[in-house]
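**Q** A single structure is presented below for examination.
The values are calculated or read from the model by the stated rules, or taken from the named source; none is laboratory data. Here the structure is a predicted model, which is why all the values come from computation and not from measurement. Every residue, glycine as well, gets a Cβ built from its backbone with ideal geometry; the counts of neighbours run over all protein chains shown. For accessibility, only protein heavy atoms count, side chains too; no ligands or nucleic acids. Shrake-Rupley method; radii C 1.70, N 1.55, O 1.52, S 1.80 Å.
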Number of protein chains: 2
Amino acid sequence: MSRCSPVACARTLAAAAFVTLIASAVADDGMWTFDNPPVDLVKQRYGVALTPDMLGRLQQAAVNYGASASFVSKSGLMLTNHHVALSCIEQLSTRERDLTSKGYAARSSAQELRCPGGMARVLTSTGDVTATVLQAVAAGTSDEQRNALRKSAIADLESRCAGSTGLHCEVVSLYSGSLFHLYRFKEWEDVRLVFAPEYQAAFYGGDPDNFVFPRFALDFALLRVYENGKPVQSAQHLKLADKPIAEGDPVFVVGHPGKTDRLQTLVQLKTIRDTLMPLQLASAQAQQALLRAYSDRSPEAARQALDRLFGTENWLKAMRGEYAALKDAALMAQKEADEARFRAAYAARGLKGDPWADIEVATARHASRAKELWAVGYGYHSLFDHAGKLVELAYERVQPEAKRLAAYRDAALPAIERRIKADAPIYKDLEVARLAGSLREARELLGDPHPYVKATLAGATPEEAAERLVRRSRLDDAAARAALLAGGVKAIEASDDPLIRLAREVYPMRRELARFREEQIDTPIQQAAERLGQARFTLYGSALPPDATSTLRLSYGKVAGYDANGNATPWKTTFGGLLARADSFDGKAPFDLAPSLVKARAQLNPRVPLNFVTTADIIGGNSGSPVVNSRGEWVGLIFDSNLEALGARFVYTDAQARSLAVHSQAIVYALEHVYGAHRLAQELRGQAAGRSSNGMP
Amino acid sequence: MSRCSPVACARTLAAAAFVTLIASAVADDGMWTFDNPPVDLVKQRYGVALTPDMLGRLQQAAVNYGASASFVSKSGLMLTNHHVALSCIEQLSTRERDLTSKGYAARSSAQELRCPGGMARVLTSTGDVTATVLQAVAAGTSDEQRNALRKSAIADLESRCAGSTGLHCEVVSLYSGSLFHLYRFKEWEDVRLVFAPEYQAAFYGGDPDNFVFPRFALDFALLRVYENGKPVQSAQHLKLADKPIAEGDPVFVVGHPGKTDRLQTLVQLKTIRDTLMPLQLASAQAQQALLRAYSDRSPEAARQALDRLFGTENWLKAMRGEYAALKDAALMAQKEADEARFRAAYAARGLKGDPWADIEVATARHASRAKELWAVGYGYHSLFDHAGKLVELAYERVQPEAKRLAAYRDAALPAIERRIKADAPIYKDLEVARLAGSLREARELLGDPHPYVKATLAGATPEEAAERLVRRSRLDDAAARAALLAGGVKAIEASDDPLIRLAREVYPMRRELARFREEQIDTPIQQAAERLGQARFTLYGSALPPDATSTLRLSYGKVAGYDANGNATPWKTTFGGLLARADSFDGKAPFDLAPSLVKARAQLNPRVPLNFVTTADIIGGNSGSPVVNSRGEWVGLIFDSNLEALGARFVYTDAQARSLAVHSQAIVYALEHVYGAHRLAQELRGQAAGRSSNGMP
């Protein structure tokens, strides 16, 4: 037996346990915070030094724009995906000027169009406030009290920070609430559309090609951030790589991955698989069906529904991939083995309590009211949702912050207000169809006698109720919404808008459910997860990355093709491949070429790379993330994962799972040779704007 | 309750049972004989009339050349796959003139090169001899006697037919021995190589792309059949279609599918899955490994081993697909349900006996000696195999036909002699490596004390034994083999060739095993299968197609893309797609373009179709089959299945399973625009040979 001091023995034990726990994670996994970047792993695997300078530059150039984006010129030019910019593009479109199907290229600064409701922000700095939060919580004697104390401590930290810096401040929690960090953001509300290719070029192959590689999508858009009416000076921006990437090259992805559930317990995963996801799958399928039926009414209806349909089909296909992963016996067996090892290490360390059992109890509560929690609401983010938000905001904000529903703490209010006020077009026919679908679903799930069903239908059919509610509502007028927002509780209670009246009736039910969820489900789970998180820290430190939480993250990996069950899949595609795919389907939709590509076809160089794949670990929210090389220069733009990567919500693998990117050369090449947007190509290259060679923008 | 006469009731019952039995076979399944073509099914599904005239033309134009082929000009020009012609191409190649890697185009008739050992034949007519065979068998009182009587009746029918017609005659059995048909063939031994593209163009993508679609293979070759030193006049040949096919078009495939096991019982399938296939998989993997290691020695070694390596990897990948199908719980459940229904119908009809139980007993015998049956032999079709065939032929042919091993009945002898005498190059280094591998495998399976292992190794290592046996053998000289063949038993017994001496020692073991297999396994299974076949006939008639048996068959289906687990797969590929695939792999092997394609690249029309897929039901042996349209004109050339179709040995499906073909336009286009072989393009078009535009053939 070897001899060691108690501390050294504990270290050895921890190291051994760590090796066992991450035995299945042998490769490029993890979405790492900038506070705890994987410097050693990257050095060891790729021989690349992640210097503080490079990390700082990447952080300052990374933009949160709903999903991810980045500054790519010194004048605030911002690169993201077409599908991230799509709601702006749609909102700027009209029946007469359809920027979605026709694309858009601003010929000059004056033609750059402001996006309604858009907001861009950069994470300027962070600080660890774990001690402050935990200290505040420690004074509590019940779960409810601790929950209130935590919320109040967080709100206090956020408002003090905002007051002293003039920045937007948010406390984020990591490792299931084991760490609390204060994030400080610089924000801009003036974001303008500069360039978008046609939808058919950006989303080539449509739903069939979504989550598929080989892929041929020009899924990019250019926006510009303005400050005081002028392009913002973005000193920290990414430079375009001179040298194209090659297979095997290390790459880094910077962005805002939304949510992973890799640290959830087995019981939680089984509940997602057996109870929650089937509800969501059925809902997504029903929504897809109703949006398709609506789109079939006319080309104009199809235009109106496009963004929603894209979002729904994307959600559905992604969820099907996740569902397949959870149904995969091997994956669940791996999770089971991981948990058994963690439990054994937890017990061996003599840690108290049984957080797994606490989570099991709370999860069972969730399952018991899953249908209500899913169906009682303001209908598929429809016009009714504006009513619901107006009502909730009015009643919640008049209460002390600690008593409010968590979603309405002060720091969250500006974003809610901005969404309510955003003057995006609302199509009443579409609203009727969507609200009817939502009411139908609720009735199916809850049954006629349920108070929510009684309140929403009032004896009518879902279709009749939706018709009545939507047609007579004035909430499609942004000014009417702004007036209700300004008028507070008084205005809400005086309103006879049918959707506001219904929202008032639904609000108590929603509040009871939200409270139930907060107190009976989320808080106990959070507290148990906190104990698991602390145990994890005790055992492994921050050698394991935290789950994704929509905060800024760094992933790393390499450019690599793969074997898709016997089908050798290359690391990249080319413009020639795009033309060939269109030809091989005889140009039939959704494999037809966008008009600009048809026009440019004869002059295109078929060898120019179009899309490529990497092993970097990403998830929804990373859309629009820049891919950079080992010098921090941008070489691509993340826009998707392949189907094999959809299990990434629960576990990272790299045999077949890949993140998909638009090649930087494809973007510059398309701007010049397909769209004649030389001004922008020059700006991306960091050249002074010269005369356009053919008079095009 | 409905009322019907006993006969009508029986018919109703049979029809109902039939519908149930084929409930899973809703689509284009079946490899049908020309005696019983699926006229009604094709009429009903595709509105196409399979007229006797069209069927007759297809039959007369279809050629058996090892696998499948067809006459495509009036002057005996024969189209088949490059991989079917590969052994001829390799045998005509030398180190200095490598037709495999460089391709070959005969500039004139004089440059057409005779294939060693090649044989082409056309099925001229058939007749039903079931009554004669069954009548002869009926006189037997034991299984052994019945077996001998069947063999003797078949031999008699074959020799009388040959005597009266001058044709080659063979009795083939269908529906597991329920029907016996006499097939009459016109045969030609003078087959010459006319055109072959480079191996890299024919087998583009190599093993990774094998059994994969989308695919980009120019897998065709042209041969010419000669008679009396002149091109044969092939009045019945396929005409090139004027009009290209489109997605959804009905098509027909004519060829020689080797073997399906769709009518085997569940026990047989489980034995294949659990006992036989694991042996074969391990053997194939070992052979692949040794051939790869041999190929790594030098480019010349790689050239020598190429044909074997191709065959082995092809076999291995196909077997893996079959194995996966047998491991598929859904497929086995379907088989189980089908068998349960058939058993119930069998019992309901009051049919006697339990053929399933008889098959189970015989199958268990097979499993009990599976290792010996697999490993005791003359080594991987190597040089040792020539010795084994010489020894067996000498000893077997001196016995009365009824006493011989089944493989040595008179009708089979010419083909065996032809293979022994064929003057194909034999590389001793390669032979040593392969024989050593075979001896290694036998020792591992059987153990050192087994008589076969003792005889073959004689105390040495497999490598030493192979070295000693092969180096001193003279059987690589075709003349030496011919002399032994001519000398019969006397010459064999006088020979001191080490391989002949060893073969003499092994022969009694092989004979005992062959007898065991014939009497204890094959005959009882055949007889039980016969009873099942007769029951099937009683219940369903010939509405179900028979299993494939390498005889001429007709399949039908349509041109159709498919959804490969979320990946939309088009019905065709193009030359542009080929270039794009090469580019997307940066031109790395095996995705590099063949030299002729590199040279022609700039002038190629990327939209010309290259490969396409159909739902027609095929299996190994269909390689080289023409695909014809509803007018019987050729539109493509079968060369592969996709991975999803490899379960076709056991069950036909059409959701993802596809047969792969080279498009007829690709063949003519490549001849003209890549290889400058205008003479041949004109001949395929049925035009008189004109002056070649650039002096090329």
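**Q** Taking the Cα of B:L413, stepping 7 Å toward and past its beta carbon, and measuring to each backbone N in segment B:468-493: which are under 19 Å?
**A** Label zone hits: B:481-493.
**Q** Just check segment B:68-186 against the gyration tensor rule for me: Cα atoms, a ≥ b ≥ c as the square roots of the eigenvalues, rounded for a/c under 1.5, and otherwise prolate or oblate depending on whether a/b exceeds b/c.
**A** Note, shape of segment B:68-186 comes out prolate.
**Q** B:E96 to A:Q44: FRET efficiency via 1/(1 + (r/R0)^6), r the Cβ-Cβ distance, R0 60 Å, to the nearest 0.05?
**A** 0.70
**Q** What FRET efficiency would be calculated for the residue pair B:E493, B:E189, taking the C-beta separation as r and a Förster radius of 22 Å, to the nearest 0.05?
**A** Computed FRET efficiency for B:E493 and B:E189: 0.10.
**Q** Once amide H atoms are built 1.01 Å from N in the peptide plane, which residues 5 or more positions from B:S234, or in another chain, come under 5 Å H to H?
**A** Amide H neighbours of B:S234, under 5 Å, 5+ apart: B:S75, B:G76.
**Q** Could you state the number of Å between the C-alpha centres of segment B:272-309 and segment A:633-654?
**A** Going from one Cα centre to the other spans 36 Å.
**Q** Determine which chain A residue has its Cβ at minimum distance from the rotation axis mapping A onto B, giving the value in whole Å.
**A** Nearest residue, distance rounded to whole Å: A:A580, 2.
**Q** Follow-up question, since we're still on this one. State the Cα centre-to-centre distance between segment B:327-350 and segment B:398-425 in whole Å.
**A** Centre-to-centre distance over Cα atoms comes out at 40 Å.
**Q** Are there DSSP H segments in chain A that both extend 15 Å or more along their axis (alpha-carbon positions) and score a mean Kyte-Doolittle hydropathy of at least -0.5? List them, or say none.
**A** Long hydrophobic helices here: A:6-21, A:277-295, A:329-348, A:355-368, A:383-397, A:428-446, A:478-494, A:498-516, A:523-540.
**Q** Which one, B:V559, B:A600, B:F516, is farthest towards the positive end of the dipole of segment B:502-603 when Lys and Arg carry +1 and Asp and Glu -1 on their Cβ?
**A** B:A600
**Q** Counting only helical runs of four or more DSSP H residues, what would the 222 nm mean residue ellipticity of chain A come to if each run contributes -39,500 (n - 2.57) and the total is spread over all its residues?
**A** It comes out at -15000 deg cm²/dmol, rounded to the nearest 500.
**Q** Return the Rg/Rh value of segment A:42-138, two decimal places, where both radii are evaluated on C-alpha atoms and Rh is the Kirkwood radius.
**A** So for segment A:42-138, dividing Rg by the Kirkwood Rh gives 1.14.
**Q** Can you tell me how much longer the chain between A:A131 and A:K74 gets when fully stretched, taken as 0.36 nm per residue apart minus their C-alpha distance, in nm with one decimal?
**A** Result: 16.7 nm gained on full extension.
**Q** Shortest first, in nm, what separates the label point of A:A110 from those of the same position in the other copies (7 Å along Cα→Cβ)?
**A** 8.0
**Q** Now for a separate question. May I ask which residue of A:A329, A:L281, A:L351 lies farthest towards the positive end of the charge dipole of segment A:234-369, with charges of +1 (Lys, Arg) and -1 (Asp, Glu) on Cβ and the Cα centre as origin?
**A** Highest projection toward the positive end goes to A:L351.
**Q** Now a separate question. Ordered by packing density, taken as the mean number of other Cβ atoms within 10 Å over each peptide's residues, highest first, how do A:131-137, A:73-79, B:620-626 rank?
**A** Going from most to least packed, we get B:620-626, A:73-79, A:131-137.
**Q** Another question about this same structure. Which value in nm describes the separation of the simple spin-label points at A:D448 and A:E336, placed 7 Å from the Cα toward the beta carbon?
**A** Here the modelled spin labels are 4.4 nm apart.
**Q** Given just the C-alpha atoms of segment B:527-644, how large is their convex hull per residue in cubic angstrom?
**A** Once divided by residue count, the hull of segment B:527-644 is 183 Å³.
**Q** Can you pull the semi-axes for chain B, root of five times each eigenvalue of the Cα gyration tensor, sorted largest first, whole Å?
**A** Over the Cα atoms of chain B, the ellipsoid semi-axes are 37, 35, 25 Å.
**Q** Charges at C-beta only: +1 for Lys and Arg, -1 for Asp and Glu. How large is the resulting dipole of segment A:38-100 about its Cα centre, in Debye rounded to 20?
**A** With only Lys, Arg, Asp and Glu charged at Cβ, the dipole is about 180 debye.
**Q** For the protein assembly as shown, taking Cα atoms only, what is the radius of gyration to one decimal and the Dmax to the nearest whole Å?
**A** 36.9, 117
**Q** Set the bar at 21 Å for Cα to Cα. Now go through A:K74/A:K230; B:K74/B:K558; A:K428/A:K490; B:K371/B:K454; B:K102/B:K428 and name every pair that lies beyond it.
**A** B:K74/B:K558; A:K428/A:K490; B:K102/B:K428
**Q** Which FRET efficiency value, to the nearest 0.05, is calculated for A:A139 and A:D53 with the Förster distance at 41 angstrom and r the Cβ-Cβ distance?
**A** With a Förster radius of 41 Å, E is 0.45.
**Q** Report the charge-dipole magnitude of segment A:146-233 in Debye, nearest 20, computed about the Cα centre from +1 at each Lys and Arg Cβ and -1 at each Asp and Glu Cβ.
**A** 460 debye
**Q** Averaged over A:601-612, how many beta carbons belonging to a partner chain fall within 10 Å of each residue's beta carbon?
**A** Other-chain Cβ atoms within 10 Å of each residue's Cβ, averaged: 2.
**Q** Related question: I want to check the label-to-label distance for B:Q399 and B:A479. Put each point 7 Å from Cα in the C-beta direction and report it in nm to one decimal.
**A** According to this spin-label approximation, the distance is 3.4 nm.
**Q** On the protein heavy atoms, probe 1.4 angstrom, tell me the percent of accessible surface of the protein assembly as shown carried by carbon and sulfur.
**A** 53 percent
**Q** At 0.36 nm per residue, minus the direct Cα-Cα distance, what do B:K259 and B:A357 gain on full extension? Give it in nm, one decimal, please.
**A** Roughly 32.9 nm would be gained on extension.
**Q** Across the residues of B:205-214, average count of Cβ atoms on other protein chains within 10 Å?
**A** Partner-chain Cβ atoms within 10 Å, mean over residues of B:205-214: 3.
**Q** Mind computing the radius of gyration and Dmax over the alpha-carbon atoms of segment B:411-505? Å is fine for both.
**A** 14.4, 40
**Q** Take the alpha carbon atoms of segment A:168-241, find their center, do the same for segment B:529-581, and report the distance between the two centers in whole angstrom.
**A** Centre-to-centre (Cα) distance: 49 Å.
**Q** On each of the three principal axes of the Cα atoms of segment A:609-657, give max minus min coordinate, whole Å, ordered largest first.
**A** For segment A:609-657, the Cα spread along each principal axis is 30, 21, 20 Å.
**Q** Among A:P250, A:L240, A:T265, whose Cα sits farthest toward the positive end of the charge dipole of segment A:230-270 (+1 at Cβ of Lys/Arg, -1 at Cβ of Asp/Glu, about the Cα centre)?
**A** Ranked along the dipole, the leading option is A:T265.
**Q** To the nearest 20 Debye, how big is the dipole of chain B about its Cα centre, given +1 on the beta carbon of each Lys and Arg and -1 on that of each Asp and Glu?
**A** 820 debye
**Q** Determine the shielding of peptide B:582-590 by partner chains: average, over its residues, the number of Cβ atoms on other chains within 10 angstrom of each Cβ.
**A** Mean partner shielding for this stretch: 5.
**Q** Hey, rough spin-label estimate for B:K599 and B:R297, points 7 angstrom out along Cα→Cβ, what's it come to in nanometres?
**A** 3.2 nm
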